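Structure first, then comments.
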Amino acid sequence: MTLYSAIITLFLVMDPLGNIPMFLSVLNSVESNRRQRIVLRETFIALLILTAFLFFGKYILEGMQISENALSVAGGIILFLISIRMIFPHEERNTRIRELGEPFIVPLAIPLIAGPSTMALVMLLANQQPEKIGLWFAALLASWAACTIILVFAQRLSRILGERGLIAIERLMGMILTTMAVQMFLTGIAGFFHRLVI
């Protein structure tokens, strides 16, 4: 995977445009002058968590004796399920979440930004090509920055694009993510059978 494809994949998995309605709903009860600060705080916490999984995830995999191929297959399945939900959203996705007070870590940082699929993806990148860890960190920073900018201006984007516009963009992103998920799955299967032959 190249730097460009890693940035695109991470951005699609974080799904900032799809998370705009959820963020606005969660922050609905928060004072408007504090919303951007909360978004910046939560996205920064998500970045710290994903960075930890990027640099130390391999030790978790080694401790649990999970192979690279198994992680690739699992990651492909998770991404595929997420992409299907992006293309065909459930009603649960559209229900408004009401939070009592100011949200902290859950649900904004985890799981909306640093969800299981994003954690699995950064671990997969680091495990497949550990010599390019600096490149993957740059990809994480770039995708995180784009995600943060979108979520900081979520209110304005929601007014500009409208609900239909957001849905259309999310479904397009879901189509792209579907092909990436299938490729990741096939790579894991091919690696597994290659090991059997050897």
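Table for the structure above
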item: Qualifying positions in the stretch 118-140 - polar (S, T, N, Q) and in a helix (DSSP H, G or I); result: 118, 127, 128
item: Any chance residue 160 is surrounded by 14 or more Cβ atoms within 10 Å (Cβ to Cβ) and either of a type outside the set (Gly, Ala, Ser) or at pLDDT 90 or above (or both); result: no
item: Selection status of residue 187, in a helix (DSSP H, G or I), free of Cβ contacts under 8 Å to residues at least 60 places away in the same chain, polar (S, T, N, Q) and farther than 23 Å from residue 30 by Cα; result: no
item: Search result, residues across the stretch 104-114 that are in a loop (DSSP other than H, G, I, E, B) and surrounded by fewer than 24 Cβ atoms within 10 Å (Cβ to Cβ); result: 105, 107
item: Qualifying residue in the stretch 141-157 (condition: in a helix (DSSP H, G or I), at pLDDT 90 or above, hydroxyl-bearing (Ser, Thr, Tyr) and out of contact with any Lys or Arg (no Cβ under 7 Å at 6 or more places or on another chain)); result: yes
item: Residue tally, condition out of contact with any Leu (no Cβ under 9 Å at 6 or more places or on another chain) and either surrounded by fewer than 20 Cβ atoms within 10 Å (Cβ to Cβ) or assigned to a loop (DSSP other than H, G, I, E, B) (or both), over the stretch 9-35; result: 7
item: Unique match (being over 22 Å from residue 88 (Cα atoms), surrounded by 21 or more Cβ atoms within 10 Å (Cβ to Cβ), among the small types (Gly, Ala, Ser) and in contact with a helix residue (DSSP H, G or I) (Cβ under 9 Å, 6 or more places away or on another chain)) among 143, 117; result: 143
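The values are calculated or read from the model by the stated rules, or taken from the named source; none is laboratory data. Nothing here was measured: the structure is a model prediction, and the numbers come from that model. Neighbour counts are summed over all protein chains in view; Cβ atoms, including those assigned to glycine, are modelled from backbone coordinates with ideal geometry.
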